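Structure record follows, encoded as structure tokens.
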Amino acid sequence: MSATHLRLEGTVRARSPQDTWNLLKPLLADFGITRVARLTGLDCLGWPVWTAIRPAPQTLTATQGKGSTDLLAKISAVMESIELWHAEQPPRIAAQAPAADLDLPYPLDALPLHQHHPDLVTVETDWVTCTGVLTGQAHLLPAGLIHRSAAPRRWEPDLWHTTSTGLACGNSRDEAVLHALFEVIERDVLAINGQTASRLLIHPATVADRYCRQLLDSLYRAGMEVEISAVQGAYGLPVCLAFLWSEDFPLWFAGSGCHTEAPIALSRALTEAMQSRLTCIAGTRDDLPSQEEVFTAAPQPRPRPAPAPWREWSTLMREVNPSPDGGFAEQVAVVAGRVEKVTGYEPLIVDLSGTASPIAAVKVICPGTRFRVTRAVPR
């Protein structure tokens, strides 16, 4: 594995965790981050979860991160916060025009609109420059898809679903773009094929990957009910779902993940479900209801086991079509090509951080993909 493609527990990165933290630590104040704190001990699961605090944001004050070690979880929380900081900065407007006057490589209804209307192409809109992932060709995207703020300008029509989907930070541009593509694919697959009929239940006892086995065993030792499944999609990449339930906090907590490697997709789903549970316990996310509100509103009885058939993990490994080995740039090209084949449109990148920044921040928009409007993924 090359120095620019470092395999870690549950992830692959372009720098070692310590090198990444040494780079991030002096930059925290620049991004408004005043505190980074360990949340792990608030829950009995014991898997590392950290939070990063920005007291004066335009979106979220607190972001959470998870990882196989405290350092990776701390980096994850900080990177999440830096992503949002970049999305909050006013974008550089490249054009002001109606879509009808522009040569766009996609129709407006391939973008996440609140509601499509044929006359929207005549509405004057602010546009930002983007580039095609595969061709590098310059195009335009609506600025409203990129800029996130709690106080949008009220005299502009609210046309776009502006979400964090496709927003990513990384040690390099290609690392950030690849993880943004994974997130877009994951959310598209869950939006279209997330119902029970499209899920292949996986028997947890058949999972042989060492790191995923450690995660599952720790959950069972903590008394968790665990349900994992693979969600069928058109991209040929593993998309995994995980659900956790326990008597001490009788709610379902869900996590999902996508990657070219199925064990990493599963580990992301499991650790995201753990993080969701701990985030609810901590009560620090200012866009989520408090633990008391959630617990008293919807406690759920002990679940019945999911109905058969349960698949073996090895069977899933034979059915997915992961991309070949290679560095981040090679994998970006393969994954972006699959997105274009499925949607008919080239994925587009907006560089948020600039070439001089030591941390790459991007927003990837894939016309033709979808995401769930509601936060929860139903079991």
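What follows is calculated from the coordinates using simple rules that are stated; it is not laboratory data. None of the values given here were measured: they were computed from a predicted structure. Glycine gets a Cβ as well: all are built from the backbone with ideal geometry, and neighbour counts include every protein chain shown.
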Using a Gaussian network for the chain with springs between C-alpha atoms less than 10 Å apart, which of these wobbles most: Gly32, Gly257, Gly233? Gly32
Between beta-carbons, use under 12 Å as the cut-off and find the net charge around Val121, counting Lys and Arg +1, Asp and Glu -1. -4
With the crude spin-label approximation of a point 7 Å out along Cα→Cβ, what separation in nm comes out for Gln96 versus Arg210? 5.9
Local electrostatic count, Thr40, Cβ distance below 14 Å [Lys/Arg +1, Asp/Glu -1]: +2
Candidate aspartates and glutamates for bridging to Lys66, where Cα separation is under 17 Å - those fewer than 8 sequence places away on the same chain excluded: Glu9, Asp43, Glu80, Glu83, Glu183, Glu272
Decide, for the stretch 17-85, between rounded, prolate and oblate: order the square roots of the alpha carbon gyration tensor eigenvalues as a ≥ b ≥ c, take rounded if a/c falls under 1.5, and otherwise choose prolate if a/b is larger than b/c, else oblate. oblate
Please say if the stretch 168-248 is rounded, prolate or oblate, where rounded means a/c under 1.5 for a ≥ b ≥ c the square roots of the C-alpha gyration tensor eigenvalues, and otherwise the choice is prolate for a/b larger than b/c and oblate otherwise? oblate
Against the rule of thumb 2.2 N^0.38 Å, how large the Cα Rg of the stretch 23-157 comes out: 1.35
By per-residue mean of other Cβ atoms within 10 Å, what is the highest-first order of 157-166, 307-316, 62-71? 62-71, 157-166, 307-316
Can you list the residues of the stretch 55-76 with backbone N under 14 Å from a point 7 Å past the Cα of Ser149, pointing along Cα to Cβ? 57-59
Report the label-to-label distance for Ala191 and Thr135 in nanometres (one decimal), using points 7 Å from each Cα along the Cα→Cβ vector. 2.3
Can you tell me how the stretch 75-138 classifies by the Cα gyration tensor, rounded, prolate or oblate, using a/c under 1.5 as the rounded cut? prolate
I need to check one value: relative contact order of the chain, counting alpha carbon pairs closer than 8 Å and at least 6 residues apart, in percent. 18
Percent breakdown of C-alpha pair distances by 5 Å bin, ordered from the shortest bin, for the stretch 105-177: 3, 12, 22, 25, 19, 11, 6, 2, 0
Per Stokes-Einstein, at 4 °C and 1.567 mPa s, what whole-number D in µm² s⁻¹ belongs to the chain, with the Kirkwood radius over Cα pairs as the hydrodynamic radius? 60
Net lengthening on full extension, His203/Leu8 (0.36 nm per residue, minus Cα-Cα): 67.7 nm
